[in-house]
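Participant: Just passing along the structure, written as structure tokens.
The values are calculated or read from the model by the stated rules, or taken from the named source; none is laboratory data. For clarity, every value in this text was computed on a predicted model and none was experimentally measured. Ideal geometry is used to build each Cβ from the backbone, glycine not excepted, and the neighbour counts take in all protein chains shown.
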Amino acid sequence: MLALQQLEYSQGLGVFRCAQALGNAVTVVPGAIGLFEAHTLREILNSKGLRSVTEDSEITLELQEQGHKIGYLNLARSWTVVPSDFKNLWNQRIRWFVGWLHNSLDLHRTILFKRRWLSLLLWYCLIIEYFGAAVELGAVVGFPFLLWFAPDRVLFTINLLWFGGYAFVIGTTAQAIAVRFAYGKHNHRSLLYYTPFYFILWLVNSLARLSSLAKYSFGYRGKWNKTSKNP
């Protein structure tokens, strides 16, 4: 599970964060890698305080709302502690996703209606990552039914294996690019051996997003798990 999270971070930092910085559309500056101007951060904390369970996202969107420039430098090297078991991983993802909904749809919802790349990105995340999770999970669950009702099950299976292999090659290539840009001269190519198992983390994220969306719809805004050993 640790290697899968490292693969995920390589995508988030090596690809997505760099792309977001090009349009000044960084949605979150993670606490483990973030640097802030002290007087600006102090002003936000004194005037606004912290109202969500994802303080890094809240602070970043507040900086965006105030018109500050937020960049990303991929030369820095930092470390963080990630969940080592499923329970703590699930609690972390619920906190992350509920916090994202709270920040985007409530505390900083005005950003959604501004003519900015950031606004477009937030709408994309909401539609594709949250509502899209239901479609993707439905598609996965539907495969056995498609196989059962397929006119030619052998041909259906061959096509499934063919496109599965194609998706594996594309996915591994994308991961290799992400690892290269995220970790630079530091050799982490061994992470690519875990690519076939990345589906497990995708499944956890998809289920956690749907659960978070349901919880948020019923008024849940998240809470810190003080007994957790991981962030």
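Participant: Among the residues of the stretch 44-63, are any assigned to a loop (DSSP other than H, G, I, E, B) and either within 16 Å of Gln20 (Cβ to Cβ) or of a type in the set (Ser, Thr, Tyr) (or both)?
Facilitator: Yes, that holds for at least one residue.
Participant: Just to verify a result, which residue in the stretch 1-47, among those that are surrounded by 14 or more Cβ atoms within 10 Å (Cβ to Cβ) and among the charged types (D, E, K, R), is nearest to Ser119 (Cα to Cα)?
Facilitator: Arg17
Participant: Right, something else. Out of Tyr124, Tyr130, I need the residue that is surrounded by 13 or more Cβ atoms within 10 Å (Cβ to Cβ), assigned to a helix (DSSP H, G or I) and of a type in the set (Ser, Thr, Tyr). Which one?
Facilitator: One residue alone meets the criteria, Tyr130.
Participant: Something else about it: Are there any pairs, at least 6 apart or on different chains, whose C-beta atoms fall under 7 Å, with the first in the stretch 194-220 and among the basic types (Lys, Arg) and the second in a helix (DSSP H, G or I), and if so, which?
Facilitator: Arg209/Phe97; Arg209/Glu129; Arg209/Tyr130; Arg209/Ala133; Lys215/Val98
Participant: Given (1) modelled with pLDDT of 90 or more; (2) farther than 20 Å from Ala214 by Cβ; (3) of a type in the set (Gly, Ala, Ser), identify the lone condition not met by Ser104.
Facilitator: Here Ser104 meets the rest and fails (2).
Participant: In addition: Which residues, counting only those in the stretch 148-165, are part of a helix (DSSP H, G or I) and more than 21 Å from Ser206 (Cβ to Cβ)?
Facilitator: Once the filter is applied, which keeps residues that are part of a helix (DSSP H, G or I) and more than 21 Å from Ser206 (Cβ to Cβ), the stretch 148-165 yields Trp148, Phe149, Arg153, Val154, Leu155, Phe156, Thr157, Ile158, Asn159, Leu161, Trp162, Gly165.
Participant: Select from the stretch 201-231 the residues that are exposed (fewer than 13 other Cβ atoms within 10 Å of the Cβ), modelled with pLDDT of 80 or more and more than 17 Å from Gly132 (Cβ to Cβ) and list them in ascending order. Break it down stepwise before answering.
Facilitator: Initially, the stretch 201-231 is screened for residues exposed (fewer than 13 other Cβ atoms within 10 Å of the Cβ), giving 214, 217-219, 223-224, 226-227, 229.
Narrowing further to those that are modelled with pLDDT of 80 or more: 214, 217-219.
Passing the criteria: Phe218, Gly219.
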